[in-house]
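Visitor: Below you will find the structure I want to go over with you.
The values are calculated or read from the model by the stated rules, or taken from the named source; none is laboratory data. Model, not experiment: these values are computed from the prediction. Neighbour counts run over all protein chains shown; Cβ positions are idealised from the backbone, glycine included. All accessible areas refer to the heavy atoms of the entire protein, side chains included, with ligands and DNA or RNA removed. Shrake-Rupley method; radii C 1.70, N 1.55, O 1.52, S 1.80 Å.
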Amino acid sequence: MAPPSNLIAIIASLTVSLCSIYILTSKCRAMAHSNVKTLTQNKRKRNGIVGAIGNTPLIRINSLSDATGCEILGKAEFLNPGGSVKDRVAVKIIEEALESGQLVQGGVVTEGSAGSTAISLATVAPAYGCKCHVVIPDDAAIEKSEILEALGATVERVRPVSITHKDHYVNIARRRALEANKLALQHINQTDAKNVTNTNGYLSEKENQGAIFSSEYKGGFFADQFENLANYRAHYEGTGPEIWEQTGSKLHAFIAAAGTGGTVAGVSRFLKEKDPGIKCFLVDPHGSGLFNKVTRGVMYTKEEAEGKRLKNPFDTITEGIGINRLTENFKLAQLDGAFKGTDLEAVEMSRFLLKNDGLFIGSSSAMNCVGAVRLARLLGPGHTIVTILCDSGMRHLSKFCNPEYLSHHVLTPSAKALEFLDHK
């Protein structure tokens, strides 16, 4: 007996539906596999030393967490191959410059830096077939210059002056890139590069100028870490997402100091987009104008008002943080407030963490931890707070970690616990 026609139709319809579902599922799986493959391929583009940059541990700072009742976590950026958070920035700046054609293999990357960004550029530039030329203020810790030279970078130490001065270390670095490009162009036109004279009067002897830029004639690129938004993007695309993932999206606040502003801008903007309720704060050293910019909307320091500014842009022994101008990177920061930190607080914090946690950190990292404790006290117990451990104390031996230097500046640490943060 033949089955009813309506039953045959139902079976056929079910068969077609099941086949359609199978095909659709197979396509979705194939697309998902393709996406994973693409992501994996993109990730594999960075290998060697460059591939080891980022994905740093997020560690619990036990002493500070126990003392405040908050979970205070530090992103251990000192574990990057180049020893600091600036490794991320160096890679991003160089890769974007190569992709845009502003830099080519065999070219020279120039930068004006107090140390860490320069060291990171000198570390990763050879991996891209490039050279590095650094202009550094002569009051930066001498070991930073020594590290740069050991890494094969050309180093110029210059006296600290205002950013508005043509011989500020950043402005000199910008000129060096222009000079390298000029030499490259003259080489392409088959001129005699040995007869090129320096247009700004620096290194007037032809032999000296040639020693810097004449070996390859592939041009120069000014990294411009303060204004180059690759700095911000390195943290928006890397550091911020890592923090979000490592905390399982369970964090309440982030705090860090700013120099270029790239870290605090990239991380704060990413975290705020994920959860607008996350509080993002700045901690600012003595003499910097960012605290007043965040809290009052005006770049202002007492030292400038009273005409007491010294030779340095800001009167602090901390290196790489604090500034008296608004950078393009910092403009992108999304901040809820700011704290001030002093040199003595940073010194005391560094010694406290070394004694209680075995953390040997540099001056900016110590200042970040000062800010983390202040923020923990503001929010109260039970919150998770993340900060950045930018670099280790190994780059600060001659100043921040030197008892004689600290004594001369009346910064000898004496605290037994965290009482140095008790004042209002």
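Visitor: Might you let me know whether the range 406-419 holds any residue that is under 19 Å from Ala114 (Cα atoms) and either of a type in the set (Ser, Thr, Tyr) or open to solvent by 20 Å² or more (accessible area, probe 1.4 Å) (or both)? Spell out the reasoning first.
Guide: To start, the set of residues in the range 406-419 that are under 19 Å from Ala114 (Cα atoms) comprises none.
No, every residue in the range 406-419 fails to be under 19 Å from Ala114 (Cα atoms) and either of a type in the set (Ser, Thr, Tyr) or open to solvent by 20 Å² or more (accessible area, probe 1.4 Å) (or both).
Visitor: Next up: Within the set of pairs 6+ apart or on separate chains, which have a first residue in the range 150-170 that is open to solvent by 20 Å² or more (accessible area, probe 1.4 Å), a second that is outside any loop (DSSP other than H, G, I, E, B) and acidic (Asp, Glu), and C-beta atoms under 6 Å apart?
Guide: Val155/Glu149
Visitor: Counting only residues that are open to solvent by 10 Å² or more (accessible area, probe 1.4 Å) and polar (S, T, N, Q), how many does the range 365-386 have? Break it down stepwise before answering.
Guide: Just the residues of the range 365-386 that are open to solvent by 10 Å² or more (accessible area, probe 1.4 Å), to begin with: 374, 377-384.
Pick out the ones that are also polar (S, T, N, Q) and you get 384.
Counting residues in the range 365-386 that are open to solvent by 10 Å² or more (accessible area, probe 1.4 Å) and polar (S, T, N, Q) gives 1.
For (1) modelled with pLDDT of 80 or more; (2) among the charged types (D, E, K, R); (3) closer than 21 Å to Gly248 by Cβ, each residue gets a yes or a no:
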residue	(1), (2), (3)
Ser17	no, no, no
Ala30	no, no, no
Leu58	yes, no, yes
Asn62	yes, no, yes
Lys86	yes, yes, no
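Visitor: Exactly one of these conditions fails for Gly393: (1) open to solvent by 10 Å² or more (accessible area, probe 1.4 Å); (2) over 15 Å from Ser65 (Cβ atoms); (3) touching a Cys at 6+ places or on another chain (Cβ under 8 Å). Give me its number.
Guide: Of everything listed in (1) open to solvent by 10 Å² or more (accessible area, probe 1.4 Å); (2) over 15 Å from Ser65 (Cβ atoms); (3) touching a Cys at 6+ places or on another chain (Cβ under 8 Å), Gly393 misses just condition (1).
Visitor: Also: Can you name every one of the helices (runs of 4 or more DSSP H) wholly within the range 231-316 that holds 2 or more residues which are at pLDDT 95 or above? Before you say what the answer is, go through the steps one by one.
Guide: Working: elements: 240-246, 262-274, 290-296, 302-305.
In the range 231-316, the matching helices (runs of 4 or more DSSP H) lie at 240-246, 262-274, 290-296.
Visitor: Provide a single number: the residues in the range 262-290 that are open to solvent by 40 Å² or more (accessible area, probe 1.4 Å) and over 16 Å from the mean Cα position of the chain (by Cα). Spell out how you get there, then give the answer.
Guide: From the range 262-290, those open to solvent by 40 Å² or more (accessible area, probe 1.4 Å) are 269, 273-277, 279, 286; that's our starting set.
If we keep only those that are over 16 Å from the mean Cα position of the chain (by Cα) as well, we get 273-277, 279, 286.
Within the range 262-290, residues that are open to solvent by 40 Å² or more (accessible area, probe 1.4 Å) and over 16 Å from the mean Cα position of the chain (by Cα) number 7.
Visitor: Now for a separate question. Test Phe330 against the criterion of being in contact with a Gly (Cβ under 9 Å, 6 or more places away or on another chain) and more than 25 Å from Tyr169 (Cα to Cα), and give yes or no. Before the answer, list the steps.
Guide: Details: in contact with a Gly (Cβ under 9 Å, 6 or more places away or on another chain): yes; more than 25 Å from Tyr169 (Cα to Cα): no.
For Phe330, the condition - in contact with a Gly (Cβ under 9 Å, 6 or more places away or on another chain) and more than 25 Å from Tyr169 (Cα to Cα) - is not met.
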